[in-house]
Ligand SMILES: Nc1ncnc2c1ncn2[C@@H]1O[C@H](COP(=O)(O)OP(=O)(O)OP(=O)(O)O)[C@@H](O)[C@H]1O
Ligand SMILES: [Mg+2]
């Protein structure tokens, strides 16, 4: 598909160049031929010889113009082919990324659907199923449905934040209550793993951005910190950077992320090897959303991690309104 498009684009470029060269050559030919006529016409030279000289010079001019044009057109063809390739490259990459995204999304949806189908089929085939079996089946079904709806929500959020990055309403957001609220929502999850949650965010911590997006941003990071920690502490802290921006730091004492994985964890559907054995691990969309939100807010995110020691995520957010690109 892209080879055909590249050839078409090349032909289009070459046609434009041929048109420009033809117009330019015709004008140049007429102007120069006229110039030759005006300069060669002299009374001392017989008329026939004059005509011969003019004809020869004009023929030579025509031949050299055709020769030069042919070389330019061949060169333009080669350059156009290269340029068409360069023009189509980002489109091809974007299309490939989108295909990959759709393939990953359908793969991740297929897994809980397959679990749902198999569990229900086994239950229906077993004539001696008890009410307790039915209860366990409903519980398992609900878990898979929750997994799917959380994934759908994340997919929608990712698509929406990409589309509307420039349209989100930016206000001054007090982050202390936002983070308190997130931590109280995640407290039961942390308690179930006996993880201590610490919050030392300054009461006056604030940043410019969108409150709803900040909620998603920090929920995903703190949820990760708890999910990928087997034991210990998850702490959330705030400080001002040297240039007056707000830095929120989330530290955990969890499984950590290897250097190789760190380079990829913001890619949609990427999961590090360390998370594969963790039952509550997700599908790999959280940090892609986090990155989109940070970009939308004009901030930055930095992750430091050491395997089996823990991870520190620092999010820098603007505290003054500025024009976002
Ligand atoms: N605090 C952390 N400690 C260790 N590994 C982490 C941490 N945060 C993220 N990771 C790794 O980065 C991967 C990507 O994280 P991300 O939040 O994007 O996806 P997820 O948690 O797997 O799924 P989702 O957030 O979509 O439910 C995770 O699978 C995990 O391997
Ligand atoms: Mg996550």
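Bear in mind that the values in this text are calculations on the coordinates, not laboratory data. What you are looking at is a predicted structure, and each value in this text was computed from that prediction instead of being measured. Don't worry about glycine lacking a Cβ; one is built from the backbone with ideal geometry, like all the others, and counts go over all protein chains shown.
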Point to revise | segment 84-149: Rg to Rh, with Rh as the Kirkwood radius over Cα pairs | key: 1.36
**Study point:** Estimated distance in nm for a label pair at residue 40 and residue 134, the labels positioned 7 Å out from Cα along Cα-to-Cβ
**Key:** 10.7 nm
Exercise for review: Give the calculated FRET efficiency between residue 20 and residue 160 to the nearest 0.05, with a Förster radius of 41 Å applied to their Cβ-Cβ distance.
Suggested key: 0.35
Exercise for review: Rounded to the nearest 10 degrees, what's the angle between the helix 211-227 long axis and the longest principal axis of the chain, both from Cα atoms, 0 to 90?
Suggested key: 60 degrees
**Study point:** Extension reserve of the residue 243-residue 172 stretch, reckoned as 0.36 nm per residue once the Cα distance is removed
**Key:** 23.8 nm
Check your understanding: With r defined as the distance between the Cβ atoms of residue 30 and residue 93 and R0 fixed at 51 Å, what FRET efficiency is calculated, to the nearest 0.05?
Key -> 0.60
Study note, to complete from the structure: Everything considered on the Cα gyration tensor (a ≥ b ≥ c; rounded for a/c under 1.5, else prolate if a/b is larger than b/c, else oblate), segment 61-115 must be described as prolate
Review point. Going by average Cβ neighbours within 10 Å, how do the peptides 20-33, 298-311 rank, with the highest at the top?
Key: 298-311, 20-33
Point to revise | Centroid-to-centroid separation of segment 192-214 and segment 169-185 [C-alpha atoms, Å] | key: 6 Å
Practice item. Please report, to two decimal places, log10 I(q)/I(0) for segment 70-206 at q = 0.11, 0.12 Å⁻¹ as given by the Debye formula with identical point scatterers on the Cα atoms and no solvent. Key: -0.80, -0.88
Review point. In the calculated pair distance distribution of the chain, what percentage of Cα-Cα distances lie above 33 Å?
Key: 52 percent
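For residue 47 and residue 124 in the same chain, what is the full-extension length gain: residue separation times 0.36 nm, less their Cα-Cα distance, in nm?
Values: separation 77, 0.36 × 77 = 27.72 nm, distance 10.96 nm.
Extra length available between residue 47 and residue 124 comes to 16.8 nm.
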Practice item. Round to the nearest 10 and give me the degree value, 0 to 90, for the angle of helix 2-40's Cα axis relative to the longest principal axis of the chain. Key: 30 degrees
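Let me know the Kirkwood hydrodynamic radius for segment 1-146, please, with Cα pairs as the basis and the value in Å to one decimal. Please list the in-between numbers first.
Values: mean 1/r = 0.0441 Å⁻¹.
22.7 Å is the Kirkwood radius here.
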Point to revise | Virtual spin-label span in nm between residue 61 and residue 308, 7 Å along Cα→Cβ | key: 8.6 nm
